[in-house]
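Here the structure is laid out as structure tokens; the discussion comes afterwards.
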Amino acid sequence: MVSAASDVLVKLNVAADGKLSFTVDSDTTRYIDLNDPINPATRVSHAGKNPQGIAITSGWRLAYVANFVSRNVSVVNLTNDAVIAVVPTSDPPAPGSPGNESCRGEMFFSSRGNFDSIPGTNSLRDRLSSEGWQSCASCHLRPDDGVVWQFNAGPRKSVPLNATFNPHNRAQQRLLKLLGHLDEVEDFEANIRNVSGPGPLAAAHWIRTRFAHWIMAISTLPERG
């Protein structure tokens, strides 16, 4: 199975009654990392980010994994649990283009956060939610989702993210919470840090900036029916 926000594949046993369990034999890898910044086979342009689908050959030897954010397909050898090739599915957007601006949303789809190094460490990973528990996209499956969620203050319907800012004037932002206690996009990142984590990210400014920039970017996209 694919774990979209964590950029990994996980091998599972499926019992006759449909129950799932982890494989625990000595020769089975705990997970297959598609986005390991230390491994040349899975870093930079070879990274598999936000896997959304998987197809396995009839002999169970190879898996082809479609990665949404990185726009490529990871070819995985299921015998030794290693990525053996990465095939791009489209050209990257031109620098400065709206498509390139939207790529800032990489953080939105990640629960780990393999971006830049954590200050004071040599780590390039695990910046967001604890143990890859959740990403922003785990709840907001699409920018115009409109899903109702239960909070301590009562049920709340998420507003379309691509209508957060006026696409003609990004200084204008719509009302986000009727109670007024969360009045800007940056306030919502606390859910990732405090509910989905906490991950090892000490300062909130980095994640706030990434999140706000992406919301502003998708606010220029048209509403979908």
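Some observations on this one:
- Residue that is modelled with the lowest pLDDT, among those in segment 18-33 that are outside any loop (DSSP other than H, G, I, E, B) and open to solvent by less than 80 Å² (accessible area, probe 1.4 Å): SER21
Residues are listed down the side, and each one gets a yes or a no for (1) closer than 17 Å to VAL87 by Cα; (2) outside any loop (DSSP other than H, G, I, E, B):
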site: ALA5; (1), (2): no, no
site: ASN35; (1), (2): yes, no
site: ALA41; (1), (2): yes, yes
site: SER45; (1), (2): yes, yes
site: TRP60; (1), (2): no, no
site: SER70; (1), (2): yes, no
site: SER74; (1), (2): yes, yes
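- Considering only residues in segment 47-85 that are under 19 Å from the mean Cα position of the chain (by Cα) and farther than 14 Å from VAL8 by Cα, the one that is surrounded by the fewest Cβ atoms within 10 Å (Cβ to Cβ) turns out to be ARG71.
- Selection of segment 148-207 for residues being in a loop (DSSP other than H, G, I, E, B), open to solvent by less than 90 Å² (accessible area, probe 1.4 Å) and at pLDDT 65 or above yields ALA153, SER158, VAL159, PRO160, THR164, PRO167, LEU176, LYS177, GLY180, LEU182, GLU184, SER196.
- SER117 being under 25 Å from ARG71 (Cα atoms), assigned to a loop (DSSP other than H, G, I, E, B), modelled with pLDDT of 60 or more and not basic (Lys, Arg): no
- The single condition among (1) over 20 Å from VAL2 (Cα atoms); (2) of a type in the set (Ser, Thr, Tyr); (3) modelled with pLDDT of 95 or more that TYR64 does not meet is (1).
- Among residues of segment 169-192 that are more than 15 Å from PHE151 (Cα to Cα) and among the small types (Gly, Ala, Ser), those with a Cβ under 9 angstrom from a residue that is at pLDDT 70 or above and surrounded by 14 or more Cβ atoms within 10 Å (Cβ to Cβ), sequence gap 6+ or separate chain, pair up as ALA171/PHE165.
- Against the test of being more than 20 Å from SER111 (Cβ to Cβ) and touching a residue at least 40 places away in the same chain (Cβ under 8 Å), the options SER74, SER58, SER45 yield a single qualifying residue, SER45.
- Of all residues making up segment 86-110, the number that are in a helix (DSSP H, G or I) and open to solvent by 50 Å² or more (accessible area, probe 1.4 Å): 5
The values are calculated or read from the model by the stated rules, or taken from the named source; none is laboratory data. Computed from a prediction, not measured in an experiment: that's the story for all the values here. Reconstructed Cβ throughout: ideal geometry from the backbone, glycine too, with neighbour counts over all protein chains shown. We work out accessible area using only protein heavy atoms, side chains counted, and drop any ligands, DNA or RNA first. Shrake-Rupley method; radii C 1.70, N 1.55, O 1.52, S 1.80 Å.
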